[in-house]
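Structure first, then comments.
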Amino acid sequence: MIMDNTLIAEFDGKLKIQEYAYAYQQYGLQYGASSQRGVKAAAFSVAAAMVLYALFMEHFNFERLPAAAVLLLICMYMITYYLYLVPKKIRLHGEHIYKSSRLLSKPKHFQIYRDFFEMHSEYESLKRFYTDISDCIETDADYILIGGTEHRVTVIPKKTMSEQQKQDVTRHFRQEMPKQYKRM
């Protein structure tokens, strides 16, 4: 029987600005104001298709439909905005958060336990139970844990972990958070 305080892995890590910006982008795209950006882009795509159909029916006679060109340009801009500019804007905001926080760039000590994980640095400690995690995203470089009231986005870098630790932590997160776990 596994006890609640069984240690799965223990390691040190330091977060880079690119890692935090990517993690914050994932958080913003799923939970921020732009969480429905795909639906919004699709709506503007449908509107653009309708304008193109109307132009086709009029043999692309812009004199008969003078507003069509303006509507088409607006639709194309909004599609670009939601699909490309919004993610970039969120990523830049994540970089700003990292640069303005003295704590995010500090080296941290991570301990992954059966029911929770702990993160300690020189100035702070965090203990988060997996029941507080709404999303667990694994990338090639990091584990991104989203949830809780403080540190909504917690990034656990993999670069200092051994291969065995990576396998153990991945297996553990898949087992403990099957609905929240995603591999990207």
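The values are calculated or read from the model by the stated rules, or taken from the named source; none is laboratory data. Just so you know, these numbers come straight off a predicted model, no measurement behind them. When we count neighbours, we look across all protein chains shown, and the Cβ atoms used for this are built from the backbone with ideal geometry, even at glycine. Surface accessibility is based on the protein's heavy atoms, side chains included, excluding ligands, DNA and RNA. Shrake-Rupley method; radii C 1.70, N 1.55, O 1.52, S 1.80 Å.
Using only alpha carbon positions, build the gyration tensor of the chain, then give the equivalent ellipsoid semi-axes as the square roots of 5 times its eigenvalues, largest first, whole angstrom.
Taking √(5λ) for each Cα gyration eigenvalue gives 45, 17, 12 Å.
How many Lys pairs in the chain lie less than 18 angstrom apart by Cα atoms, where the lysines are 8 or more positions apart or on different chains?
So the count works out to 28.
Measure nothing fancy, just the Cα-based angle from helix 17-31's long axis to the longest principal axis of the chain, in degrees from 0 to 90, nearest 10.
Helix 17-31 sits roughly 60 degrees off the main axis of the chain.
What are the chymotrypsin sites (Phe, Trp or Tyr not before Pro) within region 1-70 that DSSP puts in a loop, where the Cβ has at most 14 other Cβ atoms within 10 Å?
Hits after loop and neighbour filter: F60, F62.
Using Cα-only point scatterers and the Debye equation, what is log10 of I(q)/I(0) for region 33-100 at each q in 0.23, 0.26, 0.27 Å⁻¹, rounded to two decimals?
So the normalised log intensities are -0.91, -1.03, -1.06.
What do you get for GluC sites (Glu not before Pro) in region 1-105 restricted to DSSP loop and a cutoff of at most 13 other Cβ within 10 Å of the site's Cβ?
Loop-located and lightly packed - E58, E63.
Using protein chains only and a probe of 1.4 angstrom, how many square angstrom of D115 are accessible, to the nearest 10?
40
Inverting the mean 1/r over all pairs of different Cα atoms, compute the Kirkwood radius of region 75-184 and quote it in Å.
15.5
Ignoring ligands, DNA and RNA, please state the percent of accessible area on region 3-109 from carbon and sulfur, probe 1.4 Å.
On region 3-109, the fraction of accessible area on carbon and sulfur atoms equals 65 percent.
Could you tell me how many degrees, from 0 to 90 and to the nearest 10, lie between the Cα long axis of helix 86-100 and the main elongation axis, the longest principal axis, of the Cα atoms of the chain?
The answer is roughly 40 degrees.
Give the angle, between 0 and 90 degrees and rounded to the nearest 10, that separates the Cα long axis of helix 66-80 from the longest principal axis of the Cα atoms of the chain.
Taking the Cα atoms of the chain, the angle to 66-80 is about 10 degrees.
Send over a whole-number figure in Å² for the accessible area per residue of region 99-175, probe 1.4 Å.
Each residue of region 99-175 exposes 49 Å² on average to a 1.4 Å probe.
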